[in-house]
1. Which GluC sites (Glu not before Pro) in segment 101-132 pass both tests, a DSSP loop state and at most 10 other beta-carbon atoms within 10 Å?
2. Using Cα centres only, tell me the gap between segment 18-78 and segment 119-193 in whole Å.
3. Cross-chain or 8 or more residues apart, Cα under 19 Å: how many lysine pairs in segment 229-357 fit that? Count them up, please.
4. Which one of SER497, ASN485, TYR512 is farthest out on the positive end of the charge dipole of segment 476-518, using unit charges on Cβ (Lys, Arg +1; Asp, Glu -1) and the Cα centre as origin?
5. Of the heavy-atom accessible surface of segment 131-270 (probe 1.4 angstrom), what whole percent is carbon and sulfur?
6. Just check segment 232-287 against the gyration tensor rule for me: Cα atoms, a ≥ b ≥ c as the square roots of the eigenvalues, rounded for a/c under 1.5, and otherwise prolate or oblate depending on whether a/b exceeds b/c.
7. Ranked from highest to lowest mean number of other Cβ atoms within 10 Å per residue, what is the order of the peptides 279-288, 404-413, 154-163?
8. How large is the accessible surface per residue of segment 388-460, computed with a 1.4 Å probe and reported in Å² as a whole number?
Amino acid sequence: MADASAAGFPDDYPTIDPTSFDVVICGTGLPESILAAACAASGKTVLHVDPNPFYGSLFSSVPLPSLPAFLSSDSSTPVPSSSTATSSSAAASHSAVHLERGCLYSEVETSGTVPESSSRFTIDLVGPRVLYCADEAVNLLLRSGGNNHVEFKSVEGGSLLYWDGALYPVPDSKGAIFMDGTLKPGMKTLLFSFFKLVESHIAASSSGDKEGEGEASAKISEEDLDLPFIEFLKKQRLPPKIRAVMLYAIAMADYDQDTADTCEKLLTTRDGIKSIALYLSSIKRFANAEGAFLYPMYGHGELPQAFCRFAAVKDALYVLRMPVTALLLDQEKKHYIGTRLASGQDILCQQLILDPSFKIPSLDMPSDASDSNSPRKVARGICITSSSIKKGKSSVLVVFPPKSLQEQQAAAVRVLQLSSNVAVCPPGMFMAYLSTPCTDAFIGRQCINKAIEVLFNAQGSDDSEDHLETTSENTENATPTLIWNCVYVQEIKQGTSGTVLSCPMPDENLDYRNILESTKKLFADTYPNEEFLPRNSAPKYADDDSDSAE
C-alpha cells in the first residue's frame with residue numbers, strides 16, 4: 001500500500017499510473033473500505049485514496065491528542081489547493097468542480113485533566129460500538145478473511161440496566177436469570193417462559209415450509225407479530241422493568257416505546273423478536289466468547305484496515321496522504337467522470353465513491369441546496385475514569401432507558417466501558433463511550449452529561465447527589481472517579497447512489513447492521529449483476545480459525 005513518508009501533506013505527491021480506473025474511492029472509512037473490497041473482488045480496477053496518513057476516516061481510532069483536530073470544524077485533514085498542472089490529455093473536454101468538506105461535529109465541550117500518558121489512549125470516533133457475535137459484520141469478516149487481521153475480545157461484563165436510580169444486571173439468558181439475585185422466583189418463571197416462547201418461535205420459523213402442526217402452533221401469531229412490541233410484552237405479563245430490559249437492552253430499541261403516537265421509530269413484535277434472536281444466537285456462537293458482544297483490539301479503526309488489506313490483495317491501489325480537491329465534469333454529458341487530486345493529476349473513472357464528509361456538488365441545483373434537509377444527530381461522550389463501573393470487569397455495557405435520566409429524554413442512552421485488555425488505554429485506567437440519538441443538540445448533550453453525572457464522581461467531589469444508589473442489590477458497583485471527558489454532537493447522513501456515491505456515516509446504533517445494509521445496497525444499485533463479496537473470494541490462510549473468538 002502506497003504511503004508518503006513525511007508528516008502532513010508531502011511536497012512531492014506520487015504520480016499514479018494508470019490514470020484511469022473503474023472505481024475511485026475517496027476516504028477509507030468502513031463503508032468505503034467494504035465497497036473497495038467488494039469492487040476489487042468482482043474484478044473492478046480500484047484506486048483508493050485518503051487525505052490522512054492512516055486508514056479509517058470517520059471510522060478511525062485516533063490517539064487522544066489528535067481528537068481535537070477531528071472534532072474541529074474541518075472534520076478531517078484540510079484539503080490543500082491542487083497544482084495547476086494536470087496529466088490528462090483530454091482536460092479540454094471536462095471542467096473541475098471544487099470539492100468542500102462539511103462540518104460534521106459541533107457543540108464540543110471538554111472538562112477535566114488530560115492524563116499525562118494521553119498518547120496511550122486510543123479514541124474511537126464511532127463509539128460506543130460493538131459487534132454481535134452472530135451478526136452480518138462478523139460473517140463478512142470471516143467471508144473476506146478480514147478475521148485474520150483483527151483480534152476481538154468479549155464484552156465480558158455483560159449489560160447493566162439503569163432503573164430507579166440503581167444499576168441491575170440484564171437477565172439475557174437462562175443462566176443469567178438463574179444467577180440473578182435481584183429477581184424474585186415468580187419473575188424468573190415469567191422470564192423463563194418468555195425466552196422459551198421466543199426460542200420455540202425461532203425454531204419453528206427456521207424450519208420453513210417443512211413445519212408440522214406442532215411447529216406451527218409454536219410460532220407467534222401474525223396478529224401478535226404486527227403488534228407494537230411493547231404491547232406484546234404487556235400481553236406476556238412482563239412488568240415495566242423487564243419490559244425495559246427487553247426493549248432497550250436486548251432488542252436495542254432507541255426511542256421511547258411507551259409513547260406510540262409520538263415515537264420516532266416504533267418497534268414491532270416481528271422486529272423485536274428478530275433482534276432477540278440475533279442476541280441469543282450471538283451468546284452461543286463462539287465457545288470462548290463471553291456474552292453476545294465483541295470489541296476489536298486496538299479499536300474500531302482496525303475494521304476498515306482489514307477490508308483494505310483484502311482489496312489490496314485483489315490489486316486495488318492505495319495512496320494515503322492524497323486529498324481529492326475536485327470532481328471532473330464532462331461538459332457535454334453533464335456527468336462526473338473522475339477526480340482531480342491534490343497533486344494536480346486528473347484520474348478518470350466510471351464510478352466515484354466519496355466519504356460522507358464531502359459536499360457533493362449537484363448538477364441540478366445550487367451547491368448549497370443539496371444540504372437543505374436537516375440531518376439526524378447523535379450526541380456522544382467520551383470519558384476517562386480511574387476504576388470500573390462494574391467491579392472486577394474490564395468491559396461492560398450500560399443502558400439508560402428513555403426518561404430514566406430526565407423527563408425530556410426521548411431516547412435510550414448507551415454506555416460502553418473498555419479497559420487496557422483491548423489495548424485502548426493504560427493499565428489501571430478505563431474509557432467509557434456514551435451516545436444517544438437526538439433532534440435537539442442541547443437536549444442530547446444534556447442527557448449525555450446527566451448519564452456521566454450518574455455514573456461517575458468528578459475529581460475532588462464528595463457530593464453523592466444524583467449518583468448511583470448503593471443498595472444490597474448493587475453493592476459490587478462502586479462509583480468511579482471521572483478524570484477527563486468530552487461531549488459533542490455529530491450529524492448523521494445516509495448513503496446516496498448516483499454517478500457519485502456518498503457512503504453512510506457512523507450512525508446512532510450500537511452495531512453496524514444498518515451501515516452494512518446501506519453499504520450493500522449502494523453496491524447492488526451500482527453493480528446489480530455482481531455478487532457482493534463472494535464466499536470464495538477470501539485469500540487462503542494456513543491457520544484460519546473461523547469458529548473462535550477471544
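The values are calculated or read from the model by the stated rules, or taken from the named source; none is laboratory data. Source: prediction; values computed, not measured. Ideal geometry is used to build each Cβ from the backbone, glycine not excepted, and the neighbour counts take in all protein chains shown. These area figures cover heavy atoms from the full protein model, side chains too; ligands, DNA and RNA do not enter into them. Shrake-Rupley method; radii C 1.70, N 1.55, O 1.52, S 1.80 Å.
1. Values: sites: GLU107, GLU109, GLU116; in loops: GLU116.
Answer by residue number: GLU116.
2. When both Cα centres are located, 29 Å separates them.
3. On the way: LYS234/LYS265; LYS234/LYS274; LYS235/LYS274; LYS265/LYS274; LYS274/LYS284.
Lysine pair count for segment 229-357: 5.
4. With unit charges placed on the Cβ atoms, the residue in question is SER497.
5. Numbers: 3300 of 6300 Å².
Answer for segment 131-270 is 52 percent, counting heavy atoms of protein chains only.
6. Values: a/c = 2.30, a/b = 1.70, b/c = 1.35.
Cα axes put segment 232-287 in the prolate bin.
7. On the way: 279-288: 16.7, 404-413: 20.3, 154-163: 22.6.
With the highest mean Cβ count within 10 Å placed first, the list reads 154-163, 404-413, 279-288.
8. Dividing the accessible area of segment 388-460 by its residue count gives 32 Å².
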